[in-house]
Amino acid sequence: MDNTGHKKISNKKKEQIELISNFFFSFMLTFFIIICLSLTVLKIFGFTLLNVRTGSMQPTLPVNTLVFVQKVDPKEIAEGDIITFVMNEEGIPATHRVIRTDTASRTFVTKGDANNTEDPPVIWDNLIGKVKFKIPGIGGLFEIVTSEKNRPVVITIIVCLVILMFGLELAAGYIKKKKTQMPENKK
């Protein structure tokens with residue numbers, strides 16, 4: 001205990017806390033940088049990442065599956081492919097399986113694996129792309145983090161993490177500098 005009656009934290013404990021906090025902030029910053037770079041690279045290669053919001057494609061694509069949709073020529077789409085397309089005038093995307101392709105009318109007939117009925121014909125111009133990859137369980141989190149309405153909050157969190165990380169580094173450096181400047185009898 002110090003002369004104020006408070007327990008002193010040992011130097012070893014302080015070093016452990018500093019190490020853990022540095023790791024945490026470095027990990028979070030690296031995580032956000034990797035996500036941003038990955039999204040940029042995927043966009044360059046024609047991918048759009050989307051969250052599956054409904055159960056219409058279960059069990060193949062459960063709710064909250066992150067799907068990687070690559071832009072392709074509509075002529076490359078075959079029966080059985082899973083595609084993402086603009087479903088209606090509101091621009092809402094849907095991801096369903098192609099049942100038939102009609103090249104004469106330039107339409108696809110699609111159906112969700114869990115649905116009993118086919119969708120209305122999808123015109124080729126409404127095709128967003130073909131599902132190439134999927135990661136179940138993280139689509140909801142991805143949607144929250146990348147949502148345009150949440151962007152200010154996400155950017156604020158990233159900036160705060162960076163500031164906090166550098167602030168802790170500066171504080172730790174200041175404390176170490178103060179300790180090395182203290183006379184031996186006051187340590």
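The values are calculated or read from the model by the stated rules, or taken from the named source; none is laboratory data. Just so we're clear, the structure is a prediction, and the values are computed from it rather than from any experiment. Neighbour counts run over all protein chains shown; Cβ positions are idealised from the backbone, glycine included.
At-a-glance table
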quantity: Strands (runs of 3 or more DSSP E) within region 87-187 that include 3 or more residues out of contact with any Phe, Trp or Tyr (no Cβ under 7 Å at 6 or more places or on another chain) and free of Cβ contacts under 8 Å to residues at least 40 places away in the same chain; calculated: 93-102, 107-111
quantity: Count - residues of region 61-80 that are free of Cβ contacts under 8 Å to residues at least 60 places away in the same chain and surrounded by 17 or more Cβ atoms within 10 Å (Cβ to Cβ); calculated: 2
quantity: Qualifying residue in region 33-41 (condition: at pLDDT 80 or above and in contact with a Phe, Trp or Tyr (Cβ under 7 Å, 6 or more places away or on another chain)); calculated: no
quantity: Of all residues in region 92-107 being more than 20 Å from T65 (Cα to Cα) and among the charged types (D, E, K, R), the one that is surrounded by the most Cβ atoms within 10 Å (Cβ to Cβ); calculated: R106
quantity: Which numbered condition K149 fails, given (1) loosely packed, with under 12 Cβ neighbours inside 10 Å; (2) over 30 Å from Q58 (Cα atoms); (3) within 25 Å of the chain's Cα centre (by Cα); calculated: (2)
quantity: Test: residue in region 31-46 that is touching a residue at least 12 places away in the same chain (Cβ under 8 Å) and either assigned to a strand (DSSP E or B) or crowded, with 18+ Cβ neighbours inside 10 Å (or both); calculated: no
quantity: Any hit, region 92-114, residues being within 30 Å of I34 (Cα to Cα) and hydroxyl-bearing (S, T, Y); calculated: yes
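Listed here are the residues, each with its yes/no results for (1) of a type in the set (S, T, Y); (2) within 20 Å of T60 (Cα to Cα); (3) surrounded by fewer than 13 Cβ atoms within 10 Å (Cβ to Cβ); (4) at pLDDT 95 or above.
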| site | (1), (2), (3), (4) |
| --- | --- |
| E90 | no, no, yes, no |
| V109 | no, yes, no, yes |
| G112 | no, yes, no, yes |
| P120 | no, no, yes, no |
| N126 | no, no, no, yes |
| V159 | no, no, yes, no |
| E169 | no, no, no, no |
